[in-house]
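Just so it is clear, none of the values below were taken in a lab; they were calculated from the coordinates. Predicted model only: the values in this text are computed from it and were never measured. Cβ sites come from the backbone with ideal geometry, for glycine too, and all protein chains shown count toward neighbours.
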Amino acid sequence: MIDGVGAPRADASRPRAASAVTRLTLTDFRCYARLRLEVAPAPVVLTGPNGAGKTNVLEALSLLTPGRGLRGARLGEITRLGAPAAGGRGAAWAVAATVEGDPAGPVTLGSGLEPGTPAGAPERRVVRINGETVRGQAALGFHIGALWLTPAMDGLFREGAGGRRRFLDRLVIALDPDHAGRAAAHAHALRERARLLRETRGETRGETRGEGRVNGRDASWLDALEDTLARHGVAVAAARRDLVARLADALAADDGPFPRATVALDGTVEGWLGEMPALAAEDRLRAALADGRRTDAETGGAAVGPHRSDLLVRHAGRDLPAALCSTGEQKAMLIALTLAHARVTTRARGRPPLLLLDEVVAHLDATRRAALADALATLGAQAWLTGTDAALFADFADQAQILRLVDGNLID
Ligand SMILES: Nc1ncnc2c1ncn2[C@@H]1O[C@H](COP(=O)(O)OP(=O)(O)O)[C@@H](O)[C@H]1O
Ligand SMILES: [Mg+2]
């Protein structure tokens with residue numbers, strides 16, 4: 001265990017301390033009625049048999065950042081089954097953490113399901129920073145950035161573009177927490193527009209009015225939604241372009257033992273931004289949406305926008321799309337991407353993000369295990385690693401704290 005890896009340093013020209021969780025408390029969170037961990041700002045290894053609760057701890061950490069966490073779970077499903085309802089209110093999960101590394105001093109972050117949400121009402125996540133309830137989740141992102149790799153992401157390169165877009169957006173959010181709000185506003189406007197087009201479909205087709213126009217009130221509501229889509233859509237695309245450019249640079253400079261990946265964006269709006277200023281791209285998107293109403297009403301979607309983009313990843317050495325590489329190579333490329341992104345974030349935000357690496361080490365050969373341990377030490381990031389086999393973490397032993405979980409209990 002390295003003492004003081006995350007401690008503030010006197011020399012301002014050196015990298016700032018990593019974001020590190022030094023205290024974590026879970027309440028009615030999945031298999032945990034209550035769990036309390038105190039760790040140093042150095043890597044943490046969680047070992048234990050299947051079902052011990054390792055991934056749940058990583059999920060709890062991921063919920064200290066904006067979004068739905070590393071399982072993309074609905075809020076209600078996280079609450080421990082069988083947790084007692086408190087004071088007439090429904091049971092609700094909570095996560096609390098002390099985060100070090102902020103130059104202003106340690107911060108306490110809290111999040112959880114809002115207790116007492118009536119059945120059927122939308123579930124809401126509460127967020128507390130230093131004990132104060134704050135609106136929205138974006139504020140969390142300014143205190144801590146986190147990136148994760150889980151076994152559920154093993155098919156990322158082979159499966160649909162949706163998973164890659166979510167992955168890409170999470171990389172952007174780690175750098176620019178406001179991206180989460182813009183992407184959510186875009187997705188919301190997209191759903192609203194699809195609903196309106198569906199409701200007015202006959203009119204859009206021109207069946208009732210004969211001229212293919214929706215009535216005046218609906219038309220101005222559509223205009224307003226498409227304006228929102230154009231503004232947020234271009235902002236989302238621009239943030240993704242910026243991230244991919246930085247990631248590409250970091251990957252090009254990478255001479256580590258993981259296969260080098262190249263990244264590129266495939267998206268209409270992202271493409272426009274390479275050819276014209278953002279305001280012109282907004283106008284073009286607004287016009288494309290207005291023109292596309294009739295076909296979009298038929299398909300139930302929207303033909304143009306950043307919700308159709310894709311992140312293209314290739315194996316640089318083989319010049320092959322990542323999807324055609326072996327499972328092991330794909331995993332190694334994901335690790336390379338994650339480490340490159342951690343370097344980008346460290347440069348941009350002044351401190352490395354939290355890295356949540358679920359069952360990653362088991363897939364690596366001895367050389368790459370050692371390389372990962374080295375890369376994490378160089379980054380100075382607090383990584384939380386899991387695995388069933390404690391022996392695989394020998395390379396981490398001198399820098400990491402190894403905790404063992406069995407049936408949701410910490411074994412000393
Ligand atoms: N809402 C919940 N309430 C109670 N237990 C849960 C809930 N969600 C998941 N679990 C349980 O948590 C246990 C530990 O899961 P996990 O953290 O994924 O284990 P692992 O150590 O293999 O990563 C599983 O046995 C699962 O059934
Ligand atoms: Mg697990």
Computed [θ] at 222 nm, deg cm²/dmol, the chain (DSSP H ≥ 4; -39,500 (n - 2.57); rounded to nearest 500): -12500 deg cm²/dmol
Using a simple charge model, +1 on the beta-carbon of Lys and Arg, -1 on the beta-carbon of Asp and Glu, nothing else, what dipole does the chain show about its Cα centre, in debye to the nearest 20? 660
Sorted from fewest to most neighbouring beta carbons within 10 Å, what does the list Cys325, Cys31 look like? Cys31, Cys325
When you count, for each residue, the other Cβ atoms within 10 Å and take the mean per peptide, how do 248-261, 33-46 rank with the highest first? 33-46, 248-261
In the stretch 263-360, the trypsin sites (Lys or Arg not before Pro) that fall in loop regions by DSSP, at most 14 other Cβ within 10 Å: Arg318
Put in order of increasing Cβ neighbours within 10 Å, starting from the fewest, Trp272, Trp93 give Trp272, Trp93
Scattering profile of the chain at q = 0.09 Å⁻¹ [log10 I(q)/I(0), Debye over alpha-carbon scatterers]: -0.61
Counting other Cβ atoms within 10 Å of each Cβ, which trypsin sites (Lys or Arg not before Pro) in the stretch 86-193 have at most 16 and sit in a DSSP loop? Arg89, Arg124, Arg135, Arg158
How much of the DSSP beta bridge set in the chain is antiparallel, as a percent to the nearest 5? 70
Say each of Ala362 and Glu298 gets a label point 7 Å from the Cα, pointing the same way as Cα to Cβ; how far apart are those two points in nm? 4.9
Once phi for every residue in the stretch 138-147 is put through the Karplus expression 6.51 cos²θ - 1.76 cosθ + 1.60 (θ = phi - 60°), the whole-Hz ³J(HN,Hα) values, with Gly and Pro written as x, are 4, 4, 4, x, 7, 9, 8, x, 9, 10
Write out the GluC sites (Glu not before Pro) in the stretch 229-291 meeting two conditions: DSSP loop, and at most 16 other Cβ atoms within 10 Å of their Cβ. Glu275
Residue order, fewest to most beta carbons within 10 Å, for Met276, Met333: Met276, Met333
